[in-house]
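The structure appears right after this line, and notes come after that.
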Amino acid sequence: MPDREPRDEESRTRWQNPVAGFGVTFTAMFKKRLTEQYPEYKKPVAPRFHGRHQLNRHPDGLEKCIGCELCAWACPADAIYVEGADNTDEERYSPGERYGRVYQINYARCILCGLCIEACPTRALTMTNEYELADRTRESLIYTKEELLAGLEEGMVDTPHAIFPGMTEQDYYRGQVTEAAPGTVRQVAVSKGERSEDGEEAEPAEKAEGADA
Ligand code: SF4
Ligand code: SF4
């Protein structure tokens, strides 16, 4: 008699276990589905979600980046590489004295913390909601200035081009320039090896070493 109780227990669990398993399945059938249909459906992120960076432009198309490197110094992951250069009247990228000639962000290092955008004095650097940053090689995770630069909106002319006539750099930050001046045309990017108007091919800019992969 004393050994009957354990055997009853054993036979009970032998048929109860599978039934209990189906019970879990059955109750789950009536619960709200948590499956994300990604990538067919992309769930909207919070408005201030930290995604891929963007280099912004002034309303006439000139670039806001002044090549000061403050973002690179603020970055705890050493993910940003900047090289500044001087604007000239013949080749102008930003309203002031300097512009960011080379700008790279290494997304193999970036932790999307946002410290760089806090450090930027001109609001040239902000973060978008774009989060699809995965890629197959380290090289492709280094985004260049051309990839990070904001697209052209209505009223903008692509850089390089002249500053709005009669306006100063400060006027741009006061919001007094709202679009490109009538007749603004893109200048020849001589430092990038484009041909000048007289047909002479200029020396291409020195290739930057850039952010380490
Ligand atoms: S978000 Fe953070 S880690 Fe990424 S580049 Fe900016 S400062 Fe560096
Ligand atoms: S993005 Fe901002 S902080 Fe970075 S180099 Fe340009 S102006 Fe300076």
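Throughout, read-outs are computed from the coordinates displayed, never taken from laboratory work. Computed from a prediction, not measured in an experiment: that's the story for all the values here. Note: ideal-geometry Cβ built from the backbone for every residue, glycine included; neighbour counts use all protein chains shown.
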| field | DSSP-defined antiparallel bridges as percent of all bridges, region 53-180, nearest 5 | value | 95 percent
| query | For region 53-180, taking Cα atoms only, what is the radius of gyration to one decimal and the Dmax to the nearest whole Å? | reply | 14.8, 48
| query | GluC sites (Glu not before Pro) within region 35-91: which are DSSP loop residues with at most 10 other Cβ atoms inside 10 Å? | reply | Glu36, Glu40
| request: Give the Rg/Rh ratio for region 47-115, taking Rg as the radius of gyration of the Cα atoms and Rh as the Kirkwood radius, to two decimals. | output: 1.01
| task | Neighbouring Cβ atoms within 10 Å as the yardstick, rank Ile80, Ile111 fewest first. | result | Ile111, Ile80
| task | Please check which bits of region 138-154 a label hung off Ala85 would reach, taking the label as a point 7 Å along Cα-to-C-beta and the cut-off as backbone N under 15 Å. | result | 145-146
| message | Please enumerate, by chain and number, the lysines with C-alpha under 25 Å from the C-alpha of Lys42, excluding those fewer than 8 residues away in the same chain. | response | Lys31, Lys32
| request: Subtract the Cα-Cα distance of Glu130 and Glu146 from 0.36 nm times their separation in residues, and report this length gain in nm to one decimal. | output: 4.1 nm
| Relative to the Cα centre, what is the charge dipole magnitude of region 53-180, using +1 at the beta carbon of each Lys and Arg, -1 at the beta carbon of each Asp and Glu, and rounding to the nearest 20 debye? | 420 debye
| task | On a C-alpha basis, how far is the centre of region 126-152 from the centre of region 33-99 in Å? Whole number, if you could? | result | 9 Å
| task | Using a 10 Å cut-off on Cβ atoms, rank the peptides 157-163, 146-152, 18-24, 129-135 from the highest mean neighbour count down. | result | 157-163, 146-152, 129-135, 18-24
| request: Sort 136-142, 92-98 for me by packing, meaning the mean count of neighbouring Cβ atoms within 10 Å per residue, highest on top. | output: 92-98, 136-142
